[in-house]
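Only one structure is covered here, and it is reproduced in the block below.
The values are calculated or read from the model by the stated rules, or taken from the named source; none is laboratory data. Fair warning: this is a prediction, and the values are worked out from it, not measured in the lab. Here Cβ is always computed from backbone atoms with ideal geometry, including for glycine, and neighbour counts include all displayed protein chains.
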Amino acid sequence: MLDLHSHVLPGLDDGAPDMEQALAMCRLALDDGVRLMAATPHWYPARDPLTMGEISRAVGALRVALASAGLPLELVAGAEVALDPDLPRLAKEGVLPTLGGGPYFLLECPLHTSPRLLPDLIYSLRLAGLRPILAHAERTWAGTENWDWLQGLVGQGCLVQVTAASLTGKLGSAPRKTAEALLSLGLVNLLASDAHSVNWRPPGLSQAAAVAERLCEAGAAEVLTRLTPQAVLAGEEPPPAPQPARRRGLFFWRK
């Protein structure tokens, strides 16, 4: 499995505080079957953001530590980019950090962000050659009932990421129900851990992948945790989002 959203780089944000914790998170990921993680520290355009050089150096240091510890986990550089009206300009200037240096990047919208803010921004980013992945959509818009606007953004080329711990219910019932609703509409492109520590939102995708495999048509887990992340890192068009399992014409999720 490939995990494209994690805060594993030590000391850069609210994720791993030091190298010891970073390595512990990597061990958990490997034990769960993850072979590649994207290191995606928070990136706030309005707050003297990290440079791509700083992120790359931190990734390099963690790679060295992984090799010394005998941990065969691949790392790629990226960031979780906060919503900001200046993003199209930063994208054109080439300073907006993307996943592995390709056209895709994680876009973090503040919780309860109004969908009305997004279409024009997404349009401008697409003109700049970038493809946003909406990070933890099930938490940002927990409890939303009408998803027509999100389907419109997907039509513009956006991808949708759901957090593993939301789908398993570890982050509460509202994110779980929203994650299931997004799966029921075929709007989820990939699962990621959004890991911050070994305890709070730890690495690991297997439990959520099993839930998705049960709720969606066969092969959903592979699409969400391997095929789509691979396409993202290669800068290619991803496979279609998994569709819900049909039982007597209905999509079933846990109550």
Report whether or not ALA174 is among the aliphatic types (A, V, I, L, M), more than 14 Å from the chain's Cα centre (by Cα), farther than 30 Å from ALA128 by Cβ and loosely packed, with under 15 Cβ neighbours inside 10 Å.
-> yes
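Okay, residues lined up against (1) touching a Gly at 6+ places or on another chain (Cβ under 8 Å); (2) within 21 Å of ALA195 (Cβ to Cβ); (3) surrounded by fewer than 22 Cβ atoms within 10 Å (Cβ to Cβ):
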site: MET19; (1), (2), (3): no, yes, yes
site: VAL34; (1), (2), (3): yes, yes, no
site: TYR44; (1), (2), (3): no, yes, yes
site: GLY53; (1), (2), (3): no, no, yes
site: GLY60; (1), (2), (3): no, yes, yes
site: VAL76; (1), (2), (3): yes, yes, yes
Please find, within region 133-184, the residue that is farthest from LEU106 (Cα to Cα) out of those that are in a strand (DSSP E or B) and polar (S, T, N, Q).
-> THR163
Could you figure out which of (1) surrounded by 17 or more Cβ atoms within 10 Å (Cβ to Cβ); (2) at positive phi; (3) touching a residue at least 60 places away in the same chain (Cβ under 8 Å) isn't true of GLY235?
-> (1)
Expected output for region 6-20 (first residue within 14 Å of ALA79 (Cα to Cα), partner in a loop (DSSP other than H, G, I, E, B) and at pLDDT below 95, Cβ below 8 Å, 6+ apart or cross-chain) is LEU12/LEU50
Go through TYR104, TYR123 for me and flag whichever is under 23 Å from GLY235 (Cβ atoms), hydroxyl-bearing (Ser, Thr, Tyr), at pLDDT 95 or above and more than 15 Å from the chain's Cα centre (by Cα).
-> TYR123
Could you please let me know if ALA179 is more than 23 Å from ARG126 (Cα to Cα) and at pLDDT 95 or above?
-> yes
